[in-house]
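Working notes for the structure below.
The values are calculated or read from the model by the stated rules, or taken from the named source; none is laboratory data. These figures come from a predicted structure and were not determined experimentally. Glycine also receives a Cβ, built like all others from the backbone with ideal geometry; neighbour counts cover every protein chain displayed. Remember, those area values only see protein heavy atoms, side chains included, never the ligands or the DNA or RNA. Shrake-Rupley method; radii C 1.70, N 1.55, O 1.52, S 1.80 Å.
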Amino acid sequence: MVEPLPRRFLSSHKSLVTVFWIATFASLFIWQFGGVSSNLYNVGTGFSVFWWSTTVTTVSGFPKLRPVAFNLTEFGAVGDGFTINTEAFEKAVYAISKLAKKGGGQLNVPPGRWLTAPFNLTSYMTLFLAENAEILAVQDEKYWPLLPPLPSYGYGREHHGPRYGSFIHGQNLRDVVITGNNGSINGQGQTWWKKYRQKLLNHTRGPLVQIMWSRDIVFANITLRDSPFWTLHPYDCKNVTITNMTILAPVFEAPNTDGIDPDSCEDMLIENSYISVGDDGIAIKSGWDQYGTTYGRPSKNILIRNLIIRSMVSAGISIGSEMSGGVSNITVENILIWSSRRGVRIKTAPGRGGYVRDITFRNVTLDELRVGIVIKTDYNEHPDGGFNPQAFPVLENINYTGIYGQGVRVPVRIQGSKEIPVKNVTFRDMSVGITYKKKHIFQCAYVEGRVIGTIFPAPCENLDRYDEQERLVKQSDSQNATDIDYEI
């Protein structure tokens with residue numbers, strides 16, 4: 001007798017998930033503990049980041065990646081975790097700023113705990129963190145500068161008026177590399193989270209790292225942890241590579257600690273990283289309501305691949321909800337999302353305007369989630385009353401191929417609306433083991449699209465059915481049907 005599909009799937013897929021975990025964590029172990037020995041890592045952005053290996057020129061144990069290299073201690077820094085080293089960092093960055101015509105400079109941060117207030121980077125700079133080097137953020141907000149609101153948001157994300165700047169900041173930069181031998185940047189966000197919950201802050205919290213209006217930026221081989229707010233926030237940047245990163249925050253009680261937030265960015269690669277945080281693992285953005293529409297900078301041409309993500313309170317990968325400048329040409333592939341609230345999500349609302357189009361999710365594994373695939377069109381959070389309620393975003397050309405999983409309560413919840421229908425959605429090669437054995441677990445409302453071949457669980461009636469050769473089998477006449485149940 002042939003086994004029913006769910007049982008055969010669960011048996012084989014548990015093996016698949018196990019193999020995926022072993023292979024991925026083995027590669028992370030090799031990377032973090034020095035097993036990688038290739039001489040050159042080509043990041044595909046017009047320049048390269050060298051790995052620390054015997055064939056790279058070294059100075060005092062550091063690989064030399066720029067013509068001139070400095071050690072932080074040369075500027076009087078003390079790595080005892082108590083001495084505030086802001087002046088040393090500022091002097092080092094100033095020295096490197098004078099070397100642009102000579103190819104820039106490198107700042108080496110040796111092992112130690114280097115406490116500092118926020119500081120700025122400069123162009124043609126490499127910041128290299130040695131193993132067991134940790135840059136620590138001061139926790140007293142009086143040391144954190146106030147900056148104007150982001151132009152595509154209009155206000156600080158949490159309060160009107162100015163916002164706190166990021167811990168490590170850069171504007172109008174070119175050719176910046178933040179890398180190392182798995183050293184770390186620690187935002188010590190616990191104080192910020194507590195004050196936020198107690199409503200003791202008068203301004204929006206600052207990210208851990210924020211790079212604005214810049215290009216040719218690389219983040220590689222370091223750990224970012226415990227950000228006060230969003231962790232890594234590239235804003236209106238072009239040609240950004242983020243690779244071999246570990247990004248951490250407590251999965252509970254660490255509000256808004258998104259892992260990576262590409263915001264109005266173009267030509268970007270995020271890969272080979274582990275993210276476990278207190279909000280979205282990755283959230284692609286492009287501005288908030290009328291301010292984002294006026295600013296008019298989309299996020300586009302972004303490739304996200306080979307990641308393990310955990311998000312207990314939000315989603316592994318989100319697009320929006322701030323997407324008013326538009327989001328397009330996004331590919332997400334080879335992703336494991338585990339022990340999370342949601343898997344992959346698109347969120348928007350009336351008043352956003354803009355568009356989300358040409359999005360591909362491919363080879364995504366969902367392991368123990370409440371909801372797997374989400375599209376939500378009523379995420380009604382606005383900066384002020386000046387938004388246009390008739391500014392309806394466009395959602396179209398969204399593809400899900402190779403979606404696998406186990407222990408998922410609701411595999412699909414696509415909630416379009418009469419004003420914001422979801423158009424041209426495609427499902428192909430999907431098999432997700434479920435924990436909640438009710439009928440309405442593939443939920444749809446105002447969705448147009450198709451299913452190619454056989455998928456599990458059975459799709460909603462809104463979608464056309466095609467066979468494996470993409471021949472039409474049954475055309476739906478129920479695109480506007482609604483079957484959304486938040487009680488499941």
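Label positions at ASP140 and PHE252, each projected 7 Å from the Cα along the C-beta direction, are separated by 3.3 nm.
Calculated from the alpha-carbon coordinates, the chain shows an Rg and a Dmax of 23.1, 76 Å respectively. Bridging of LYS91 to lysines at a Cα separation below 25 Å is possible for LYS64, LYS101, LYS102, LYS142, once same-chain residues fewer than 8 apart are set aside. Site pair THR435 and ASN172 shows an inter-label distance of 5.1 nm when each label is modelled 7 Å from Cα along Cα→Cβ. For region 347-443, GluC sites (Glu not before Pro) are listed when DSSP marks them as loop and at most 16 other Cβ atoms sit within 10 Å of their Cβ; the list is GLU381, GLU419. Just so you know, the Rg over Rh for region 158-198 is 1.07, from Cα atoms, with Rh as the Kirkwood radius. Using just its DSSP H runs of length 4 or more, each adding -39500 (n - 2.57), the chain gives a mean residue ellipticity at 222 nm of -3500 deg cm²/dmol after division by all residues. Its alpha carbons considered, region 369-488 gives a radius of gyration followed by a Dmax of 15.1, 50 Å. I'd like the FRET efficiency for SER339 and SER478, computed as 1/(1 + (r/R0)^6) with the beta carbon distance as r and R0 of 25 Å, rounded to 0.05. FRET efficiency, SER339 to SER478: 0.10.
Return the Rg/Rh value of region 272-356, two decimal places, where both radii are evaluated on C-alpha atoms and Rh is the Kirkwood radius. We get a ratio of 1.00 for region 272-356. In region 120-228, the inverse of the mean reciprocal separation of distinct Cα atoms equals 14.7 Å; this is its Kirkwood hydrodynamic radius. For the pair THR401 and LYS199, label points projected 7 Å from Cα toward Cβ lie 5.0 nm apart.
How much length would be gained if the chain were fully extended between ALA391 and ILE84, taking 0.36 nm per residue of separation minus their Cα-Cα distance, in nm to one decimal? Please list the in-between numbers first.
Details: separation 307, 0.36 × 307 = 110.52 nm, distance 4.84 nm.
Difference between extended and current length: 105.7 nm.
Extension gain, THR191 to GLU381: 0.36 nm times the residue separation minus the Cα-Cα distance gives 65.8 nm.
Tell me, how many Å apart are the Cα centres for region 183-202 and for region 96-154? Each part's Cα centre sits 19 Å from the other's.
Test of understanding: what is the full-extension gain from ASP467 to ILE488, defined as 0.36 nm times their sequence separation minus their Cα-Cα distance?
Values: separation 21, 0.36 × 21 = 7.56 nm, distance 3.00 nm.
Stretched out fully, the ASP467 to ILE488 stretch lengthens by 4.6 nm.
Put +1 on the Cβ of each Lys and Arg and -1 on the Cβ of each Asp and Glu in the chain; which of PHE252, VAL240, ALA88 then has its Cα farthest toward the positive end of the dipole? Positive-most Cα among the choices belongs to PHE252. In loop segments of region 390-488 as defined by DSSP, the chymotrypsin sites (Phe, Trp or Tyr not before Pro) with at most 15 further C-beta atoms inside 10 Å of their C-beta are TYR436, TYR486.
Looking at the chain, the accessible area is 40 square angstrom per residue; that uses a 1.4 Å probe and ignores ligands, DNA and RNA. Counting every pair of alpha carbons in region 340-390, the share spaced more than 18 Å apart comes to 45 percent. In a DSSP loop and with at most 13 other Cβ atoms within 10 Å, the trypsin sites (Lys or Arg not before Pro) in region 381-484 are LYS418, LYS437, LYS438, LYS439, ARG471.
If I require 15 Å or longer along the helix axis, counting alpha carbons, and a Kyte-Doolittle average no lower than 0.5, what helices from the chain are left? Use full DSSP H segments. List each step's numbers first, then the result.
Numbers: long enough: 5-32 (39 Å, 0.71); 86-97 (16 Å, 0.27).
Length and hydropathy pass: 5-32.
Normalising the average separation of contacting C-alpha pairs (under 8 angstrom, six or more residues apart) by the number of residues puts the relative contact order of the chain at 8 percent.
Here the alpha carbons of region 293-442 define both size measures, Rg and Dmax, at 15.2, 46 Å.
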